[in-house]
Amino acid sequence: MAIDNPFVYDKFVTGKNFIGRREDCSILENLLTQGEHIALYGPPKSGKMSVIQQTLFNMRIAGKRFMVGQFSLLNVRSVDRFLLRYGATAMRTVAQTPAEFAGIVERHLGGSHFVFDPARYSQDDEPVSAGWALDETDRRAMLSLPFALARESAQPLFLIMDEFERLNDLEGGEDVFRTLESIIREQRGTQPACSLLFCGSMNNAMKEIFEEKRFFWRLAERLSLRTVDEKEIIDYVVRGFLSSGKVVERELLLGMCRLFRNNLWYINHFINICDGLSKGYIVESTLMEALGCLLAIHEPRFMATMADLTAYQINFLQAVLERNTKFTATSVRSKYGLSSSANVKRLREALLKKEIITFNEQGEAVLLDPLFEYWVRKYYYEID
């Protein structure tokens, strides 16, 4: 009989394994209930999908009826492929058979270059295909499809798009943004509503779309995930250890929370290692051994990240770690060998593009990955 693992880090969590962020779930539920579109982005493994799935779980428990489709743009390399995946995901929320898929294409995509191809469906399980090169008319027809399906089915439809930021790098990606903006404006107030969830783990790339270029401005609500309270994390870890007869000092766990900046993915992975290294009372040496194991897992990734940086970028990152804020100041440029103010700007943009740093609301540069920050500070720069 399999033992229930209290520290889950290999998938999103709901139910008893979901802690904190109840207010985030409540806000997301209200937005979905009102038919709003949501932009949800943050670093990888920061809890975005757990919040979405817990919210949908809460809504189902409350008896709310809705349809959900989800797909990822991780391996989408063209706008045409995005449109086909977008449409296929929407279609699968309401249809299952070849006849139903063919009917949807006939009713809602008639006059476009999209077709239902029985051979493609049989071979590749594709409910919709492109018969010719796609144009603006095709793009508008496909992007409108989930809204039409929500009305036709008389149920709200939630379409979750993972790694949405990748569309920004594709040729024609901004055309998709503009067309989708136009459709969202046209569909405002229609019921039942279709809500689009724009999700992304490339934090700076998503900020570029939604905050700098201002696509979907005032059309999609930005949901910023709150940091889970330290006490709630510590209580959760203590309970998990007690379930297997183990004890740990709360003070040690406080240090853990601060090292990982309350990132539950890292914490669950770390505690899972601690659990495997201990039999009863968990002491500081156990935690240090577990930290070494965790670093051994991630160190190749961290080393590859640093190997990809130029000497100037490495110097700029050190300036960030040493709490500098005025990077263009003569004293800072001289100390870290950053050359000109124009070069500082290029270095800043490069580290943002590589998703290594970001800038908080106070304008301070921070590293996105807490474990990478610990490793690079301690082992690469040897900063005390």
query = If you scan region 146-177, which residues turn out to be in contact with a strand residue (DSSP E or B) (Cβ under 9 Å, 6 or more places away or on another chain), aliphatic (A, V, I, L, M) and either surrounded by fewer than 17 Cβ atoms within 10 Å (Cβ to Cβ) or under 30 Å from R60 (Cα atoms) (or both)?
reply = A148, L149, A150, L157, L159, I160, M161
message = Against the definition (in a helix (DSSP H, G or I) and either crowded, with 19+ Cβ neighbours inside 10 Å or touching a His at 6+ places or on another chain (Cβ under 8 Å) (or both)), how does L40 come out, yes or no?
response = no
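Table: residues versus (1) among the aliphatic types (A, V, I, L, M); (2) in contact (Cβ under 8 Å) with a residue 60 or more places away in the chain; (3) touching a strand residue (DSSP E or B) at 6+ places or on another chain (Cβ under 7 Å).
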{"position": "R214", "(1), (2), (3)": "no, no, no"}
{"position": "L219", "(1), (2), (3)": "yes, yes, yes"}
{"position": "D229", "(1), (2), (3)": "no, yes, no"}
{"position": "S243", "(1), (2), (3)": "no, yes, no"}
query = In region 167-207, what residues are more than 17 Å from R218 (Cβ to Cβ), modelled with pLDDT of 95 or more and more than 22 Å from the chain's Cα centre (by Cα)?
reply = E171, G172, D175, T179
request  = Return yes or no: is Y312 in contact with a helix residue (DSSP H, G or I) (Cβ under 8 Å, 6 or more places away or on another chain) and surrounded by 20 or more Cβ atoms within 10 Å (Cβ to Cβ)?
outcome  = no
ask   = Tell me, which helices (runs of 4 or more DSSP H) wholly within region 54-146 include 3 or more residues that are touching a residue at least 12 places away in the same chain (Cβ under 8 Å) and closer than 30 Å to P44 by Cβ?
value = 79-92
inquiry  = Return the residues of region 131-140 that are at pLDDT 95 or above and buried (at least 20 other Cβ atoms within 10 Å of the Cβ); say none if nothing qualifies.
reply    = D138, R139
request  = Name, by its number, the condition in (1) closer than 25 Å to L170 by Cα; (2) surrounded by fewer than 18 Cβ atoms within 10 Å (Cβ to Cβ); (3) out of contact with any helix residue (DSSP H, G or I) (no Cβ under 7 Å at 6 or more places or on another chain) that does not hold for L84.
outcome  = (2)
message = I'd like to know if region 73-92 contains one or more residues that are touching a Lys or Arg at 6+ places or on another chain (Cβ under 7 Å) and among the acidic types (D, E).
response = no
query = If you take the residues of region 188-207 that are in contact with a Gly (Cβ under 9 Å, 6 or more places away or on another chain) and polar (S, T, N, Q), which of them is surrounded by the fewest Cβ atoms within 10 Å (Cβ to Cβ)?
reply = Q191
inquiry  = Would you confirm, using the coordinates I've provided, whether L143 is crowded, with 20+ Cβ neighbours inside 10 Å, assigned by TED's automatic domain parsing to the domain that holds V51, more than 14 Å from R92 (Cα to Cα) and touching a helix residue (DSSP H, G or I) at 6+ places or on another chain (Cβ under 7 Å)?
reply    = yes
message = Within region 290-309, does at least one residue satisfy the condition of being touching a residue at least 12 places away in the same chain (Cβ under 8 Å), over 25 Å from V13 (Cα atoms), crowded, with 16+ Cβ neighbours inside 10 Å and among the β-branched types (V, I, T)?
response = yes
note = Counting only residues that are in contact (Cβ under 8 Å) with a residue 24 or more places away in the chain and assigned to a helix (DSSP H, G or I), region 1-25 contains a total of 4
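The values are calculated or read from the model by the stated rules, or taken from the named source; none is laboratory data. Remember, predicted model here, so these are calculated numbers, not experimental data. Quick reminder, even Gly has a Cβ in these numbers, built from the backbone with ideal geometry, and neighbours come from all protein chains shown.
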